[in-house]
Number of protein chains: 6
Amino acid sequence: MSPKIPIGKLALLVSSLTDEELEPFTDQLKDVEYCTGKAGSMNMQKIIAAVETAAKRNHIIVDDVYRETHALYHAILEALNGVMRGQIGAGDMMRTVGLKFAIVRGSPYVELEEGEWIAVAFYGTIGAPVKGLEHEAFGLGINHIG
Amino acid sequence: MSPKIPIGKLALLVSSLTDEELEPFTDQLKDVEYCTGKAGSMNMQKIIAAVETAAKRNHIIVDDVYRETHALYHAILEALNGVMRGQIGAGDMMRTVGLKFAIVRGSPYVELEEGEWIAVAFYGTIGAPVKGLEHEAFGLGINHIG
Amino acid sequence: MSPKIPIGKLALLVSSLTDEELEPFTDQLKDVEYCTGKAGSMNMQKIIAAVETAAKRNHIIVDDVYRETHALYHAILEALNGVMRGQIGAGDMMRTVGLKFAIVRGSPYVELEEGEWIAVAFYGTIGAPVKGLEHEAFGLGINHIG
Amino acid sequence: MSPKIPIGKLALLVSSLTDEELEPFTDQLKDVEYCTGKAGSMNMQKIIAAVETAAKRNHIIVDDVYRETHALYHAILEALNGVMRGQIGAGDMMRTVGLKFAIVRGSPYVELEEGEWIAVAFYGTIGAPVKGLEHEAFGLGINHIG
Amino acid sequence: MSPKIPIGKLALLVSSLTDEELEPFTDQLKDVEYCTGKAGSMNMQKIIAAVETAAKRNHIIVDDVYRETHALYHAILEALNGVMRGQIGAGDMMRTVGLKFAIVRGSPYVELEEGEWIAVAFYGTIGAPVKGLEHEAFGLGINHIG
Amino acid sequence: MSPKIPIGKLALLVSSLTDEELEPFTDQLKDVEYCTGKAGSMNMQKIIAAVETAAKRNHIIVDDVYRETHALYHAILEALNGVMRGQIGAGDMMRTVGLKFAIVRGSPYVELEEGEWIAVAFYGTIGAPVKGLEHEAFGLGINHIG
């Protein structure tokens with residue numbers, strides 16, 4: 001049972017492409033709800049708060065339902081794990097130069113009862129505390145939400 | 001010092017887009033060497049061997065220089081960590097339905113002495129041992145190589 | 001917003017108490033659906049399959065809805081992480097002497113829209129490959145499901 | 001060689017049951033030394049200090065023997081790993097609402113030369129930085145001490 | 001309270017030096033009990049069994065006391081974590097070319113009640129599944145035992 | 001293809017031996033470039049900065065080439081993982097009493113095209129937040145650099 005609507009891939013594209021590059025995917029994006037935002041620090045509390053605020057402000061998740069926040073939270077953690085590539089306590093050691101995130105919510109499966117899922121993607125460059133130490137990073141997390 | 005040529009982003013696109021979707025990126029791909037392949041199992045030894053064989057057969061890395069294999073190896077491990085999302089021993093628990101990988105080698109930085117770097121990306125669906133448990137996964141790893 | 005019905009605590013009790021010891025909790029258990037089972041190996045695939053089979057056979061989760069299996073799966077992984085205490089690849093190194101699991105599904109929160117959640121607990125003794133190396137282990141995982 | 005006195009299970013019960021619920025276990029608790037305490041923050045330094053202070057004040061471990069503190073310390077780390085469920089740097093991201101810990105010391109095995117062991121359990125609710133994101137968590141660690 | 005007898009450093013030296021290089025340390029080694037051995041595979045079960053067998057055969061630990069085996073076991077796990085450098089499931093991916101281990105038992109502290117401690121060190125070259133991928137690796141674990 | 005010059009072993013020896021103990025290795029050290037330094041805190045940002053500053057001041061790596069800093073950075077992370085023995089967020093919980101590091105750069109392999117590699121080793125005593133909780137720790141990381 002492969003997903004019909006690849007919300008993970010769409011989150012990747014929204015997080016990493018320029019507006020112009022994203023144009024050919026306009027049609028596919030009509031099937032989902034999504035928003036983007038930026039995280040200017042690798043402090044995990046701040047990143048999580050930034051993603052959550054964006055998700056609520058853009059009505060991707062319902063503000064006062066804990067269950068939806070919980071689903072988003074675990075998707076964010078999964079995505080950050082990819083960004084960090086499993087390094088020990090790496091978050092505290094990073095100076096971020098620029099990280100863009102995308103949140104995509106949709107119904108990936110044909111079957112109605114599979115309900116809605118949420119994908120979170122981060123793309124950008126991260127830098128170590130040492131000046132100049134900076135390369136691309138990416139992370140994706142997916143969770144059921146509806 | 002942000003990368004001029006985003007080899008990571010290119011690896012992500014090559015691993016996840018269809019040929020048609022990839023067309024607008026043809027020009028950008030002229031600046032790098034790249035190849036793709038498929039991994040039909042989550043056995044880590046087999047995935048690493050598949051990526052390495054593809055990299056050598058397509059002359060992305062030099063066959064008999066250990067240093068290049070070593071660089072590729074750590075990029076693969078970083079990418080797999082994203083695919084696995086840090087779950088304990090998850091590799092052994094997975095039934096893969098389909099994972100496509102991309103290897104991209106290039107000179108991301110303007111400065112000549114920064115030399116060449118290598119990016120490895122995986123995209124596809126992975127499934128848990130339980131039938132039907134399957135959703136998208138991505139991973140990206142980057143390392144200096146040249 | 002603390003849970004009104006502590007499904008995690010109930011899962012812990014069901015997994016570790018004898019029938020006699022569990023009697024005082026009979027009333028609390030009326031508010032949830034639950035079942036138990038045994039895992040006689042530390043092979044993670046087998047444990048996951050055992051828990052899932054028990055959950056379906058006892059109608060704790062709906063058989064053919066991937067979303068429910070996905071929710072259970074992540075709760076199992078969280079619980080196993082506790083059993084393993086974060087040790088590297090520890091699963092492969094273990095000889096289990098006896099592990100009992102409990103699955104509890106309920107509506108922990110007063111608010112209707114928070115829906116149903118699922119808790120998985122393991123309790124028992126685990127042993128290292130060395131004969132006799134064996135002590136108690138516990139793990140608990142919780143996820144939203146409904 | 002299964003434990004005769006399940007110090008881990010007793011630590012679980014002491015950390016999670018109300019005084020009334022704990023009454024039926026009074027007899028079993030006579031075989032061990034134990035104490036409890038509360039941790040009102042997820043700062044790991046503070047939690048470790050809180051558990052250690054409780055252990056020393058209640059004479060569960062000997063104050064000025066490093067070996068005993070070392071044994072307790074590793075049991076605490078194992079237990080916290082369960083609480084955190086292996087999430088990356090999760091400690092820094094948490095707002096705790098309430099975590100109760102129990103320390104149990106005893107001789108679980110029939111054989112005299114197996115000596116004393118120590119168990120540490122945490123139970124309570126932990127919350128993510130996002131308001132309302134809060135559910136039960138549990139962790140258990142065991143170590144030889146005497 | 002720094003150790004008077006550095007059992008960790010002695011384990012390092014015994015695991016990595018040639019007999020000739022080790023000669024100047026003969027005097028220091030008189031203060032401890034130690035033995036060495038080889039591990040010709042990265043299968044963790046086999047490594048643990050090899051270290052434990054050596055420890056028992058050379059009377060570094062008492063054969064039938066579970067507590068001593070438990071102490072050794074955790075020191076081995078700590079040391080293997082260093083060898084593996086925290087990589088995901090790396091054990092299964094390795095072809096070992098040669099790993100030598102040392103087990104050192106002694107009383108590092110001046111204070112009598114601190115008792116005995118055990119150190120396990122591994123040194124050698126490890127190789128990835130790819131032919132030729134091979135460099136030095138080292139790991140050290142220490143635990144209280146007596 | 002085993003290394004001809006064991007830069008990892010040399011880094012371990014330089015980090016842990018006294019000047020007098022190191023004398024017999026003077027000849028082997030002529031084949032590599034190396035330097036040492038001290039880290040008086042377990043704050044990871046400070047340790048990384050200390051090692052990097054030492055490496056640049058002693059011309060072990062070239063100051064303004066990101067690629068060299070990147071190679072050193074990953075070797076440091078690998079070494080710190082050994083020091084920390086994979087414990088959760090352990091860095092923040094430590095009071096260091098004394099950690100000495102060594103950086104060794106050389107050409108371990110006979111084949112010219114394998115180029116230069118870098119090894120980072122840490123040795124010393126680390127202490128938990130609890131007063132007196134302190135024992136030896138080692139870590140080694142190796143990476144290709146030239």
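How high is the FRET efficiency between D:T18 and D:K46 when r is their beta carbon distance and R₀ equals 35 Å, given to the nearest 0.05?
On the way: r = 25 Å, r/R0 = 0.72.
The calculated FRET efficiency here is 0.90.
Apply the Karplus curve 6.51 cos²θ - 1.76 cosθ + 1.60, θ = phi - 60°, to the phi angles in the stretch E:14-29 and return the couplings in whole Hz, x for Gly and Pro.
Using θ = phi - 60°, the values come out as 4, 6, 10, 8, 6, 4, 5, 5, 7, 3, x, 9, 3, 5, 4, 6 Hz.
Please compute, for peptide B:22-34, the average count of beta-carbon atoms on other protein chains lying within 10 Å of each residue's beta-carbon. Provide the component values of the computation, followed by the final result.
Details: counts 0, 1, 5, 2, 0, 0, 1, 0, 0, 0, 0, 0, 0.
What the average comes to for B:22-34 is 1.
Report, for C:L29, each distance to the same residue's label point in the other copies, shortest first and in nm; define the point 7 Å along Cα→Cβ.
Label-point separations across copies, in nm and ascending: 2.2, 5.3, 6.0, 6.0, 6.8.
Excluding ligands, DNA and RNA, what is the solvent-accessible area per residue of the stretch E:27-87 at a probe of 1.4 Å, expressed in Å²?
Value returned for the stretch E:27-87: 41 Å² of accessible area per residue.
How large is ³J(HN,Hα) for each residue in the stretch C:65-71, as worked out from phi by the Karplus curve 6.51 cos²θ - 1.76 cosθ + 1.60 (θ = phi - 60°), to whole Hz, x for Gly and Pro?
Per-residue couplings from phi come out as 9, 4, 4, 6, 5, 4, 5 Hz.
Under the rule of at least 5 residues apart or a separate chain, name every residue whose amide H is placed under 5 Å from the amide H of F:G37.
Placed amide hydrogens put F:F101 under 5 Å from F:G37.
If I take every Cα pair under 8 Å that is 6 or more residues apart in the stretch F:22-72, average their sequence separation and divide by the length, what percent do I get for the relative contact order? Mind showing how you got there, number by number?
Numbers: 25 pairs, mean separation 13.4, N = 51.
Contact order relative to length: 26 percent.
Sort shortest first the distances from C:D64 to its counterpart in every other copy, using label points 7 Å along the Cα-to-beta-carbon line, and give them in nm.
3.9, 5.9, 5.9, 6.8, 7.2
How do F:E113, F:E23 rank by accessible surface area computed with a 1.4 Å probe, from largest to smallest?
Working: F:E113 85, F:E23 130 Å².
Descending accessible area places them as F:E23, F:E113.
Nearest beta-carbon of C to the rotation axis carrying it onto D: which residue, how many whole Å?
Axis relating chain C to chain D; nearest Cβ residue and distance: C:G82, 2.
When you look at the Cβ of every residue in B:71-80, what mean number of other chain Cβ atoms sits within 10 Å? If you can, show how the numbers build up before the last one.
Details: counts 3, 2, 5, 7, 1, 3, 8, 9, 3, 6.
Partner-chain Cβ atoms within 10 Å, mean over residues of B:71-80: 5.
Compute the separation of the alpha-carbon centres of the stretch D:1-52 and the stretch B:30-77 and state it in Å as a whole number.
Measuring centre to centre over Cα atoms gives 51 Å.
Considering only the other residues whose Cβ falls under 12 Å of the Cβ of F:I145, what net charge follows from Lys and Arg at +1 and Asp and Glu at -1? Write down the numbers at each step before the final one.
On the way: positive: B:R67, F:R67, F:R105; negative: F:E33, F:E68, F:E114, F:E116.
Around F:I145, the charge tally is -1.
How far, in nm to one decimal, is C:A49 from itself in the other copies if the label point is set 7 angstrom along Cα toward Cβ? Shortest first, please.
Result, one decimal in nm: 2.4, 2.4, 4.7, 5.0, 5.4.
Show the residues, 5+ positions off or on another chain, whose built amide H is closer than 5 Å to the amide H of A:G98.
The list, which skips near neighbours in sequence, is A:T125.
Decide, for the stretch E:22-79, between rounded, prolate and oblate: order the square roots of the alpha carbon gyration tensor eigenvalues as a ≥ b ≥ c, take rounded if a/c falls under 1.5, and otherwise choose prolate if a/b is larger than b/c, else oblate. Please report the intermediate quantities before stating the final value.
Numbers: a/c = 2.13, a/b = 1.38, b/c = 1.54.
Oblate is the answer for the stretch E:22-79, as a/c is 1.5 or above yet b/c matches or exceeds a/b.
Would you mind checking the pairs E:K38/F:K4; E:K100/F:K9; C:K4/D:K9; E:K4/F:K46; B:K9/B:K30; C:K46/C:K100 and listing those with alpha carbons more than 18 angstrom apart?
Values: E:K38/F:K4 20 Å; E:K100/F:K9 13 Å; C:K4/D:K9 24 Å; E:K4/F:K46 28 Å; B:K9/B:K30 14 Å; C:K46/C:K100 14 Å.
Listed pairs above 18 Å: E:K38/F:K4; C:K4/D:K9; E:K4/F:K46.
Taking amide H positions as placed in the peptide plane 1.01 Å from N, state which residues far from C:K4 in sequence (5 or more) or on other chains have amide H under 5 Å from it.
C:Y109, C:V110
The values are calculated or read from the model by the stated rules, or taken from the named source; none is laboratory data. Please read these numbers as outputs of a predicted model, since none were measured by experiment. Glycine gets a Cβ as well: all are built from the backbone with ideal geometry, and neighbour counts include every protein chain shown. When the accessible area is computed, the model is the full protein with side chains, heavy atoms only, and any ligands, DNA or RNA have been set aside. Shrake-Rupley method; radii C 1.70, N 1.55, O 1.52, S 1.80 Å.
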